[in-house]
Amino acid sequence: SIKGRGGDHSAFQNDHREAFQADVLAGLSGKQKTLPCKYLYDEAGSKLFEAICELEDYYLTRTEADIFHSNLDSMAALLGPSAVLVEPGAGNCEKAEPLLTAMDTPHAFYPLDISPEILLNAQQRIQARLPDLTVTPVVGDFTCAQPWGEIPPSSHRKVIFFPGSTIGNFSPDKASTLLAQFRSYLSTGDGLLIGVDLVKDSVVLERAYADSDHVTERFNKNLLSRINSELDGNFDTEAFAHRAFYHPHRQRVEMHLVSLCDQKVQVAGQTFDFEEGETIHTENSHKYTRAGLEALLRESGFNPTQFWTDNKQHYAIYYAET
Ligand code: AVJ
């Protein structure tokens, strides 16, 4: 079974379309045009993101997987027996699967995601591999209270699994609010296992977001195609260029779409003017130092107790307790 808004699919789709339209129109109306990065992950966008994860230039996924692979047993030991694993933004659940396999008789797994299709696929795959585990996908936006309300209270220890540097998509302020929100769904003795990308040489960072195979460019421009098809837009994707750069002061990679000419674009009956060189800011990917991340965890009500990294210290996984 699938929990959340999956049961009332058409109502969910309508709410979702309205929110998408409101966010897009508001984002394109500002002085610096922006689009919320969560809309990059429709079905096509999620597939493109999976392709990004395979890229040589995109070291994040590979490095994180290596850290997990090298430390699975000590991580599983920390989580303890019969734990409940909850994964916000789980997607295809490829990161949870080895962890669940290494854990001592995990009690239940709740992957949360906005895409029911991806969740159902993952549920079937994991259920086939771990027949004794209860896998309950929950459809919803993990930044809202709704999907968390679908998780029944339990006497088992709960661990929120938040890999993939998803936290990097939130500004430090919002990241702190989000982690404090996670903390509010946990009890004393529960935990958080979180993966974050670390501050490093800007050349390495920029190559990861402006890859030589141009997959990130397609991922970024897919947002325009999505607006065209879902919100009756007429973006010419050829008239925009992908740009990604590291901003050292803000400690983040910014992703933009640059208008290549003066142009007008219609979306949902409204017209937006673009000057040549003007950008739409589509995503931020914040990077952390160890000290910065530990401070973030503490101010959100967590106590970091363990951390693992790779030999280049490109990436870190933290375990934090409530
Ligand atoms: C899914 C947010 C971790 O910021 O590295 C990858 C998204 N954007 N390439 C990241 C992304 C462009 C990714 N996160």
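Check whether at least one residue in segment 63-74 is in a strand (DSSP E or B) and farther than 23 Å from A210 by Cα, and report yes or no. Quick ask: steps written out before the conclusion?
To start, the set of residues in segment 63-74 that are in a strand (DSSP E or B) comprises none.
No, segment 63-74 contains no residue that is in a strand (DSSP E or B) and farther than 23 Å from A210 by Cα.
Considering every residue within segment 115-129, establish whether at least one is in a loop (DSSP other than H, G, I, E, B) and out of contact with any Asp or Glu (no Cβ under 9 Å at 6 or more places or on another chain). I'd like the intermediate steps shown before the answer.
At the first step, the residues of segment 115-129 found to be in a loop (DSSP other than H, G, I, E, B) are 115.
Pick out the ones that are also out of contact with any Asp or Glu (no Cβ under 9 Å at 6 or more places or on another chain) and you get none.
No, segment 115-129 has no match at all.
Is it the case, given these coordinates, that S165 is polar (S, T, N, Q) and within 16 Å of the ligand (Cβ to nearest atom)? Can you show your working first?
Values: polar (S, T, N, Q): yes; within 16 Å of the ligand (Cβ to nearest atom): yes.
Against the criterion (polar (S, T, N, Q) and within 16 Å of the ligand (Cβ to nearest atom)), S165 qualifies.
Name the single residue that is farthest from L186 (Cα to Cα) among those in segment 138-159 being within 16 Å of the chain's Cα centre (by Cα) and among the hydrophobic types (A, V, I, L, M, F, W, C).
Of all residues in segment 138-159, those within 16 Å of the chain's Cα centre (by Cα) come to 138-144, 147.
In the following step, the residues that additionally are among the hydrophobic types (A, V, I, L, M, F, W, C) were identified as 138-139, 142, 144.
Details: V138: 17, V139: 20, F142: 15, C144: 16 Å.
Selected residue: V139.
Of the residues that sit in segment 40-61 and are of a type in the set (S, T, Y) and either in contact with a strand residue (DSSP E or B) (Cβ under 9 Å, 6 or more places away or on another chain) or modelled with pLDDT under 95 (or both), which one is farthest from N92 (Cα to Cα)? Spell out the reasoning first.
Of all residues in segment 40-61, those of a type in the set (S, T, Y) come to 41, 46, 58-59, 61.
From the residues that got through so far, the ones that are either in contact with a strand residue (DSSP E or B) (Cβ under 9 Å, 6 or more places away or on another chain) or modelled with pLDDT under 95 (or both) too are 41, 46, 59.
Numbers: Y41: 12, S46: 9, Y59: 19 Å.
It comes out as Y59.
So which residues in segment 207-261 are crowded, with 21+ Cβ neighbours inside 10 Å, of a type in the set (A, V, I, L, M) and more than 16 Å from the ligand (Cβ to nearest atom)?
Once the filter is applied, which keeps residues that are crowded, with 21+ Cβ neighbours inside 10 Å, of a type in the set (A, V, I, L, M) and more than 16 Å from the ligand (Cβ to nearest atom), segment 207-261 yields only I227.
Out of the residues in segment 84-137 that are of a type in the set (G, A, S) and within 23 Å of the chain's Cα centre (by Cα), which is surrounded by the most Cβ atoms within 10 Å (Cβ to Cβ)? Spell out the reasoning first.
Going residue by residue through segment 84-137, those that are of a type in the set (G, A, S) are 89-91, 96, 102, 108, 115, 122, 128.
Filter once more, so that each one left must be within 23 Å of the chain's Cα centre (by Cα): 89-91, 96, 108, 115, 122.
Working: G89: 20, A90: 29, G91: 22, A96: 24, A108: 18, S115: 19, A122: 23.
Among residues in segment 84-137 that are of a type in the set (G, A, S) and within 23 Å of the chain's Cα centre (by Cα), the one surrounded by the most Cβ atoms within 10 Å (Cβ to Cβ) is A90.
Specify the residue that is farthest from V258 (Cα to Cα); the eligible residues are those in segment 27-39 that are at pLDDT 95 or above and buried (at least 17 other Cβ atoms within 10 Å of the Cβ).
Per the stated criteria, the residue is G27.
Test Q123 against the criterion of being farther than 28 Å from Y39 by Cβ and either out of contact with any strand residue (DSSP E or B) (no Cβ under 9 Å at 6 or more places or on another chain) or not charged (D, E, K, R) (or both), and give yes or no.
Numbers: farther than 28 Å from Y39 by Cβ: no; either out of contact with any strand residue (DSSP E or B) (no Cβ under 9 Å at 6 or more places or on another chain) or not charged (D, E, K, R) (or both): yes.
No.
Is it true that some residue in segment 6-24 is within 16 Å of the ligand (Cβ to nearest atom), touching a Lys or Arg at 6+ places or on another chain (Cβ under 7 Å) and either closer than 25 Å to T136 by Cβ or at pLDDT 95 or above (or both)? Reasoning before the result, please.
So the first thing to find is which residues in segment 6-24 are within 16 Å of the ligand (Cβ to nearest atom), and the list is none.
For segment 6-24, residues within 16 Å of the ligand (Cβ to nearest atom), touching a Lys or Arg at 6+ places or on another chain (Cβ under 7 Å) and either closer than 25 Å to T136 by Cβ or at pLDDT 95 or above (or both): absent.
In segment 81-89, is there at least one residue being touching a helix residue (DSSP H, G or I) at 6+ places or on another chain (Cβ under 6 Å), within 16 Å of the ligand (Cβ to nearest atom) and of a type in the set (D, E)?
Of segment 81-89, the ones touching a helix residue (DSSP H, G or I) at 6+ places or on another chain (Cβ under 6 Å) are 87, 89.
Still in the running and within 16 Å of the ligand (Cβ to nearest atom): 87, 89.
Add one more test, that the residue is of a type in the set (D, E), and what stays is 87.
Yes; the residues of segment 81-89 include at least one that is touching a helix residue (DSSP H, G or I) at 6+ places or on another chain (Cβ under 6 Å), within 16 Å of the ligand (Cβ to nearest atom) and of a type in the set (D, E).
Go through segment 31-46 and give me each residue that's touching a residue at least 40 places away in the same chain (Cβ under 8 Å) and more than 9 Å from the ligand (Cβ to nearest atom).
Residues of segment 31-46 that are touching a residue at least 40 places away in the same chain (Cβ under 8 Å), as a first pass: 32-35, 37-46.
The answer is Q32, K33, T34, L35, K38, Y39, D42, E43, A44, G45, S46.
Look through segment 59-73, keep the residues that are free of Cβ contacts under 8 Å to residues at least 40 places away in the same chain and more than 16 Å from the ligand (Cβ to nearest atom), and return whichever of them is surrounded by the most Cβ atoms within 10 Å (Cβ to Cβ). Please lay out each step first, then the result.
Step one: filter segment 59-73 for residues free of Cβ contacts under 8 Å to residues at least 40 places away in the same chain, giving 62, 65, 69, 72-73.
So of that shortlist, the ones also more than 16 Å from the ligand (Cβ to nearest atom) come out as 69, 72-73.
Details: H69: 10, L72: 15, D73: 9.
This residue is L72.
Select, from A128, A96, the only residue that is under 24 Å from N71 (Cα atoms) and small (G, A, S). Steps first, please.
On the way: A128 fails: under 24 Å from N71 (Cα atoms).
The unique qualifying residue is A96.
Got a number for residues in segment 160-181 being crowded, with 16+ Cβ neighbours inside 10 Å, part of a helix (DSSP H, G or I), under 14 Å from the mean Cα position of the chain (by Cα) and not β-branched (V, I, T)?
Taking segment 160-181 first, the residues crowded, with 16+ Cβ neighbours inside 10 Å are 160-170, 172, 175-176, 178-179, 181.
Next cut, part of a helix (DSSP H, G or I) only: 166-169, 172, 175-176, 178-179, 181.
From what's left, under 14 Å from the mean Cα position of the chain (by Cα): 166-169, 175, 178-179.
The next check asks that each one be not β-branched (V, I, T); those that pass are 168-169, 175, 178-179.
Selection size over segment 160-181: 5.
For the structure I just gave you, tell me whether L186 is outside any helix (DSSP H, G or I), away from the ligand (no atom under 12 Å from the Cβ), surrounded by 20 or more Cβ atoms within 10 Å (Cβ to Cβ) and at negative phi.
Details: outside any helix (DSSP H, G or I): yes; away from the ligand (no atom under 12 Å from the Cβ): yes; surrounded by 20 or more Cβ atoms within 10 Å (Cβ to Cβ): no; at negative phi: yes.
Answer is no for this residue.
Can you name the residue in segment 114-133 that is hydrophobic (A, V, I, L, M, F, W, C) and free of Cβ contacts under 8 Å to residues at least 60 places away in the same chain and is also farthest from N14 (Cα to Cα) among such residues? Quick ask: steps written out before the conclusion?
Keep residues of segment 114-133 that are hydrophobic (A, V, I, L, M, F, W, C), which gives 114, 118-120, 122, 126, 128, 130, 133.
Next, only the ones that are free of Cβ contacts under 8 Å to residues at least 60 places away in the same chain stay: 122, 126, 128, 130, 133.
Values: A122: 25, I126: 30, A128: 33, L130: 35, L133: 33 Å.
Applying the filter and picking the extreme gives L130.
Restricting to segment 47-58, name every residue that is within 10 Å of the ligand (Cβ to nearest atom) and either in a helix (DSSP H, G or I) or crowded, with 20+ Cβ neighbours inside 10 Å (or both).
L48, F49, I52, C53, Y58
The values are calculated or read from the model by the stated rules, or taken from the named source; none is laboratory data. Note that the structure is predicted; figures quoted are calculated from it, not measured. All Cβ positions, glycine included, derive from the backbone under ideal geometry; neighbour counts span all protein chains shown.
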